[in-house]
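S.K.: This is the structure I want to talk about, given as structure tokens.
The values are calculated or read from the model by the stated rules, or taken from the named source; none is laboratory data. Remember, it's a predicted structure, so these values are computed and weren't measured experimentally. Note: ideal-geometry Cβ built from the backbone for every residue, glycine included; neighbour counts use all protein chains shown.
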Amino acid sequence: MSTDLPNWFNTTHAYKNFNEFLMPYAGKENIKALQLGSFTGDASIWLLDNILTGEGSHLDDVDLLLCPPELSHLNIDFSEVESIYLSRIKNYKNVSFHKKTTVEVLRNAPCDYYDFIYVDASHDAVDVLIDAELSWFLLKVGGIIAFDDYEWGIDRFSNLRTPKRGVETFHARRRKKLSLVNDPTTQIWLKKERN
């Protein structure tokens with residue numbers, strides 16, 4: 001297997017934010033996490049090794065593992081990405097992989113179920129907004145929803161081709177029911193305060 005695939009989890013603010021904001025969940029029982037967009041599983045493995053270690057804790061990963069229409073992905077062999085991801089999670093009993101669209105999974109998942117939802121799938125604003133709105137109902141009060149690549153593409157694409165507009169629209173719609181956890185840079189983390 002190739003080792004030259006990017007590890008965006010370790011080379012962005014993701015690793016720092018996961019360490020800072022998710023540690024209160026570490027080792028607790030029945031912590032449920034949902035990740036939309038898994039790539040090679042760097043964030044998945046970190047969650048499984050550091051946070052979801054308590055009895056009954058579980059990770060649901062959702063990804064089609066197909067090449068998205070983004071320049072940074074065009075030279076990536078997604079059959080290799082899938083092979084790497086599957087080989088990395090195969091020894092963990094508390095992770096489920098859903099090779100489906102985010103909407104397929106989100107519309108069928110239980111409400112008020114997840115403690116943490118990580119949105120890192122499609123980068124189009126409309127898709128991000130749909131993922132956020134559907135995720136809202138699945139997130140427990142007190143839970144965290146985090147968006148990766150918050151400012152991705154803002155210097156190259158229209159507002160509708162970047163996550164930021166979708167995240168800002170979601171934040172504006174729900175602003176009275178959530179709080180900002182971090183100072184947004186490449187990511188934005190929000191806490192659900194009430195339904």
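S.K.: (1) on the phi < 0 side of the Ramachandran plot; (2) in a loop (DSSP other than H, G, I, E, B); (3) buried (at least 21 other Cβ atoms within 10 Å of the Cβ): which one isn't true of residue 54, the others all being true?
M.R.: Unmet for residue 54, out of (1) on the phi < 0 side of the Ramachandran plot; (2) in a loop (DSSP other than H, G, I, E, B); (3) buried (at least 21 other Cβ atoms within 10 Å of the Cβ): (3).
S.K.: Give me the residue from region 93-129 that is assigned to a loop (DSSP other than H, G, I, E, B) and among the acidic types (Asp, Glu) and, out of that set, surrounded by the most Cβ atoms within 10 Å (Cβ to Cβ). Reasoning before the result, please.
M.R.: Within region 93-129, the subset assigned to a loop (DSSP other than H, G, I, E, B) is 93-94, 99-101, 107-113, 120-124.
Filter once more, keeping what is among the acidic types (Asp, Glu): 112, 120, 124.
Details: 112: 12, 120: 23, 124: 20.
So the residue we want is 120.
S.K.: Let me ask you something else. When you look at residue 76, is it touching a residue at least 12 places away in the same chain (Cβ under 8 Å), in a loop (DSSP other than H, G, I, E, B) and over 23 Å from residue 132 (Cα atoms), yes or no?
M.R.: Criteria met by residue 76.
S.K.: Quick one: which residue in 66, 86, 106 is of a type in the set (A, V, I, L, M, F, W, C), farther than 27 Å from residue 195 by Cα and touching a residue at least 12 places away in the same chain (Cβ under 8 Å)?
M.R.: Details: 86 fails: touching a residue at least 12 places away in the same chain (Cβ under 8 Å); 106 fails: farther than 27 Å from residue 195 by Cα.
After applying the criteria, what remains is 66.
S.K.: Please state which of the following conditions residue 28 fails to meet, knowing it meets all the rest: (1) in contact (Cβ under 8 Å) with a residue 60 or more places away in the chain; (2) in a loop (DSSP other than H, G, I, E, B); (3) in contact with a strand residue (DSSP E or B) (Cβ under 9 Å, 6 or more places away or on another chain).
M.R.: Failed condition: (1).
S.K.: Counting just the residues of region 1-20 that are part of a helix (DSSP H, G or I) and under 14 Å from the mean Cα position of the chain (by Cα), which one comes out modelled with the lowest pLDDT?
M.R.: Initially, region 1-20 is screened for residues part of a helix (DSSP H, G or I), giving 8-11, 14-20.
Next, from what is left, pick out any that are under 14 Å from the mean Cα position of the chain (by Cα): 8-9, 14-15, 17-18.
Values: 8: 78, 9: 91, 14: 92, 15: 92, 17: 95, 18: 97.
It comes out as 8.
S.K.: Let me ask something additional. So which of 39, 78 ends up being modelled with pLDDT under 95 and under 13 Å from the mean Cα position of the chain (by Cα)?
M.R.: Values: 78 fails: under 13 Å from the mean Cα position of the chain (by Cα).
Checking each option against the conditions leaves just 39.
S.K.: A further question follows. For the structure I just gave you, tell me whether residue 150 is assigned to a loop (DSSP other than H, G, I, E, B) and in contact with a Ser or Thr (Cβ under 7 Å, 6 or more places away or on another chain). Reasoning before the result, please.
M.R.: Details: assigned to a loop (DSSP other than H, G, I, E, B): yes; in contact with a Ser or Thr (Cβ under 7 Å, 6 or more places away or on another chain): yes.
Against the criterion (assigned to a loop (DSSP other than H, G, I, E, B) and in contact with a Ser or Thr (Cβ under 7 Å, 6 or more places away or on another chain)), residue 150 qualifies.
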